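The values are calculated or read from the model by the stated rules, or taken from the named source; none is laboratory data. What you are looking at is a predicted structure, and each value in this text was computed from that prediction instead of being measured. Ideal geometry is used to build each Cβ from the backbone, glycine not excepted, and the neighbour counts take in all protein chains shown. To get the accessible areas, we keep the full protein, side chains included, count just its heavy atoms, and leave off ligands, DNA and RNA. Shrake-Rupley method; radii C 1.70, N 1.55, O 1.52, S 1.80 Å.
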Protein chains: 2
Amino acid sequence: MDKIKILLSEKDIPRRWYNVKVDLPFSVPAPIDPVTKEPVRIDKGKSVFCGSLLEQEESLERWIAIPEPVIKALSIWRPTPLRRAVYLEKVLKTKCRIYYKDESVASAGSFKQNTAVAQAYYNKKEGITCLTTETGAGQWGSALSFACNLFGLKCRVYMVRLSYELKPFRRTLMRLWGAEVIPSPSKRTVYGRKILKKTPNTTGSIGISASEAVEDAFVHKNTKYAAASLFDYVNLHQTVIGLETKKQLKLIGEKPDYLIGCVGGGSNFAGLVFPFLRDRLKGSNMRMIAVEPASCPSLTKGAYIYDFADAGKFSSLQKMYTLGHSFVPPPVHTTGLRYHGCSPLISLLYNKKIIEARAYHQIEVLTAGVLFAKAERILPAPETTHAIKAAIDIAKSTKKSKCIVINFSGHGFFDLAAYEKFLDKKLKNYAYPIAEVKRAIKELLQLQP
Amino acid sequence: MDKIKILLSEKDIPRRWYNVKVDLPFSVPAPIDPVTKEPVRIDKGKSVFCGSLLEQEESLERWIAIPEPVIKALSIWRPTPLRRAVYLEKVLKTKCRIYYKDESVASAGSFKQNTAVAQAYYNKKEGITCLTTETGAGQWGSALSFACNLFGLKCRVYMVRLSYELKPFRRTLMRLWGAEVIPSPSKRTVYGRKILKKTPNTTGSIGISASEAVEDAFVHKNTKYAAASLFDYVNLHQTVIGLETKKQLKLIGEKPDYLIGCVGGGSNFAGLVFPFLRDRLKGSNMRMIAVEPASCPSLTKGAYIYDFADAGKFSSLQKMYTLGHSFVPPPVHTTGLRYHGCSPLISLLYNKKIIEARAYHQIEVLTAGVLFAKAERILPAPETTHAIKAAIDIAKSTKKSKCIVINFSGHGFFDLAAYEKFLDKKLKNYAYPIAEVKRAIKELLQLQP
């Protein structure tokens, strides 16, 4: 019988993060100041961001030691299993071997905890007492609540109002771990009040929530903002995923032909893929595929251009594939992937054609998710189904025996309402608003350096 | 650093189930026919139950080989981790070592899968094409749906109407795995129609749903009923829990002073405890504690007497601690523990004072559950919080360094609505209906042989 779970032991948890930037054969565009159009000085972010993390953002070390308390925290759920999808392979009648790195075993059910514990640790070490952040469906908010609880920090989460009202379960999980959860836009911040005045009935957006969380961190003592994605240090912390996967594949003598992850901001994709990039850059023909929702297609339909990271324009300008910071995505169920841009590092790799991207609609990804759940009996988060759909398409399109590895970024136990609507055929697909995006990108042209 | 996860490898999955009856120094009262008052002949159940399982029910082998396809099925999620609750110990400032056997890692989130895959396998082997069952909150229904999907059987689940309407998430999970889920009482069965005629607005009960599932199996071809609990073979299949736990404790040189599990029908408690009973019977002073809801206290307040297993009185009479088969528990949130009786084997052990029992109210167990979730960052199912509460009480009441082992029977990701009500202080405790129970037990006296 084929090995269906490839397990590591606690001593196999990576001791170092891998900093991919050092190995790239081209430089990464620096964030720039929206007013001066000059590269942003690193210490400018210190009123909102943790100093150690900003230093990590600029690090030129290839390997960065993971502090012992972070390793101990990771060991609560890591190493995660690499599973072979033998049952799915059988259903697909494919010769391909499909593996999935199961990040869903984390306490809050997703990969997000990998960076959450690192960020909580560094902030705690610098004397910070509270972290703020934004969350959509709540994967990131619950991961950060978990981490703050672990390191003894307060946590304030601005949750997109629509999710706050319709998806109370991750909200309750956050409260159980001691976080304060605030529906956003809220009256807590100047920016929130401004939005509420203009559009009192708005259901909110990730960009709005992020602006509120940043403002909150800015005005409160000993309070910093924690970022779910986008930043290089977030991608760095996620490399534990790929480092473990490499070790697991080596144990069974496999080399991946395809590495696949879903992308919103992009950190779960980065976490799986970056540790394999050295081989890719040395000429291996391994293919790396980022999968995004067709309703929020920053890589496949956005412009590679400088843009703000948040709707309130508090951030510096980042060079990335973007649909414009004012983008409000259609009400699809893959709420974790509704961000207007994609991490600058991943954007650069895509621009240089080192990685590929594809976009799918929600009905086709959830169909793939249900097929997976029926075959493998593990329920993927709607975000994760994007990666699964791409893997299934690849496996179906080849007669060869390829090795496909998916990042199984999270489980769908908190997303059963979306699956129920799908089963009851109450979901529809949404095109992205092309005209709006065109206009937003045209406006962005004036911001460019 | 203390080892916080004690992991086994796939080859450590037990190859044999342990049949505790062989080692008991007293005989187990046989089920009797309600009319003749004679012991029931085993083949009488064959119209509703799988033959191999009925044979297992009567087996006098100490060790029963687990069929290879069942081991393969178990290996999807087994062996499960034994975790040390180091963070909880710290919060409690106890010298005790508290371990929990984490059955929540199963695909459907609870220990129920252990027997579900065995029952599905034996039925499939006998040419059965469909299994029926009842479910409350859905832990058992989703486990059986998983198993039927795995072995290619149809599955019809009669779900207590209240849960069907208020707790749609496990219902959706069952549908994802291909089961048909029917709110009960339903118009599908004679018994369901009878109940609906008498009480059209009833919210249902486990006993009613069980009667419908049994009737459905009885009238349909190639269809059998699958039992969640109560039967000796269910307890038998659950012994993989205790067998693995024994091995894990041995690995770290521990011997338990306390073994604790929650009880409804009792199979998760049996699964943990039975493999340790041989030592207990040889004179070890290991204590085994069954924990039940104070609102449904079959062991601590029921009578040890013959009673029906279901509200519709389709079953034979079982000697067990019972509150009467017509018992409808108050609307507490620990829906998995709302059964009127307790497995005959566990009832006998309790009657012989080999195991102990205690009962707690829902607010105190959920308080313990939240304390556990904050400390260990794993969210227990409301059922599981009963065992946790007992462990915490024991740890707090001793200055000695005892070894306490809990069966962590399932996670609470599908029960966040209950936790939300708890956090919002919207829950209250319920006494059990003493007068009703007294009357029901008095009526039962006429049924006794």
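Here are the numbers:
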read-out: Net +/- balance of residues flanking residue B:171 in space, Cβ distance below 12 Å, scoring K and R +1, D and E -1; value: 0
read-out: Nearest-ten-degree value, helix B:434-444 long axis tilted from longest Cα axis of chain B; value: 50
read-out: Where only C-alpha atoms are counted, convex hull volume of segment B:201-242 per residue in Å³; value: 93
read-out: Given B:5/B:425; A:11/A:389; B:187/B:301; A:5/A:250; B:247/B:353, the pairs whose alpha carbons are separated by over 24 Å; value: B:5/B:425; A:11/A:389; B:187/B:301; B:247/B:353
read-out: At 7 Å out from Cα toward Cβ: residue B:16 inter-copy label distances (nm, ascending); value: 5.0
read-out: For residue B:182, residues with placed amide H under 5 Å, excluding near neighbours; value: B:157, B:158, B:159
read-out: Copy-to-copy label separations for residue B:431, where each label sits 7 Å from Cα toward Cβ, in nm and ascending; value: 6.7
read-out: Rule-of-thumb Rg ratio for segment A:111-243 [Cα; 2.2 N^0.38 Å; N residues]; value: 1.00
read-out: Shape category assigned to segment B:316-449 from the gyration tensor of Cα positions, a/c cut at 1.5; value: oblate
read-out: Accessible carbon and sulfur surface of segment B:37-146 relative to its total accessible area, %, 1.4 Å; value: 52
read-out: C-alpha long axis of helix B:382-397 to longest principal axis of chain B, angle in °; value: 30
read-out: Accessible area per residue, Å², segment A:20-96 with all protein chains present, probe 1.4 Å; value: 49
read-out: Helix A:267-281 vs. chain A, principal-axis angle (Cα, 0 to 90°, nearest 10); value: 60
read-out: Dimensions in Å of segment B:238-369 - Rg and Dmax from alpha carbons; value: 15.4, 49
read-out: Mean-position separation - Cα centroids, segment A:164-205 and segment A:324-393, in angstrom; value: 25
read-out: Per-peptide average of other Cβ atoms within 10 Å, ordering A:218-228, A:93-103 highest first; value: A:93-103, A:218-228
read-out: Two-site FRET efficiency, residue B:396 against residue B:278, from Cβ-Cβ distance with R₀ of 30 Å, rounded to 0.05; value: 0.50
read-out: 15 Å beta-carbon shell around residue B:447, net charge (K/R +1, D/E -1); value: 0
read-out: Considering only the protein assembly as shown, percent of DSSP beta bridges that pair antiparallel, nearest 5; value: 35
read-out: Globularity ratio of chain B, using Cα Rg and 2.2 N^0.38 Å; value: 0.91
read-out: Taking segment A:70-165 and dividing mean pair separation by its residue count, relative contact order in percent (alpha carbons under 8 Å, at least six apart); value: 24
read-out: Average partner coverage of B:373-379, which counts Cβ from other chains inside 10 Å; value: 6
read-out: Minimum Cβ-to-axis distance in chain A for the rotation onto chain B, with residue, whole Å; value: A:413, 2
read-out: Kirkwood Rh, Cα atoms: Rg over Rh of segment A:392-449; value: 1.18
read-out: For residue A:403, inter-copy label distances in nm, listed shortest first [label point 7 Å out on the Cα-Cβ vector]; value: 4.1
read-out: Percentage relative contact order, segment B:1-71, counting C-alpha pairs under 8 Å, at least six apart; value: 45
read-out: For segment B:160-289: accessible area per residue (Å², 1.4 Å); value: 37
read-out: Cα principal axis extents for segment A:11-142, largest first, Å; value: 58, 37, 33
read-out: Average projected area [Cα convex hull, segment B:237-304], square nanometres; value: 5.2
read-out: Net lengthening on full extension, residue A:417/residue A:218 (0.36 nm per residue, minus Cα-Cα); value: 68.1 nm
read-out: Summed buried accessible surface, chains A and B, 1.4 Å probe, nearest 100 Å²; value: 4000
read-out: Candidates A:416, A:348, A:317: whichever shows maximal mean-square fluctuation once chain A is modelled as a Gaussian network with Cα springs under 10 Å; value: A:416
read-out: Amide H partners (placed H, <5 Å) of residue A:6, local residues excluded; value: A:82, A:83, A:84
read-out: Helical mean residue ellipticity (222 nm; -39500 (n - 2.57) per DSSP H run of 4+; nearest 500) of chain A; value: -12500 deg cm²/dmol
read-out: Protection proxy ranking of A:198-205, B:373-380, A:33-40 - average other beta-carbon atoms within 10 Å, highest first; value: B:373-380, A:198-205, A:33-40
read-out: Distance between modelled label sites at residue B:166 and residue B:364, nm, 7 Å Cα→Cβ extension; value: 2.3
read-out: 5 angstrom amide H check on residue A:357, placed H, neighbours 5+ away; value: A:290
read-out: Inter-chain shielding of A:165-175 (mean C-beta neighbours from other protein chains, 10 Å cut-off); value: 4
read-out: For segment A:139-216, alpha-carbon Rg and Dmax in angstrom; value: 12.3, 39
read-out: Cβ-defined net charge surrounding residue B:111, 14 Å radius [Lys, Arg +1; Asp, Glu -1]; value: -1
read-out: For the protein assembly as shown, diffusion coefficient by Stokes-Einstein and Kirkwood Rh (Cα), 4 °C, 1.567 mPa s, µm²/s; value: 46
read-out: Cα shape, segment A:325-389, gyration tensor, a/c 1.5 rule; value: oblate
read-out: Estimated vicinal HN-Hα couplings, Hz - segment B:93-98 in sequence order (Karplus 6.51, -1.76, 1.60; Gly, Pro = x); value: 6, 9, 8, 5, 9, 10
read-out: P(r) of segment B:178-305 over all Cα-Cα pairs, binned every 5 Å from zero, in whole percent; value: 2, 9, 13, 15, 14, 14, 11, 8, 6, 5, 2, 0
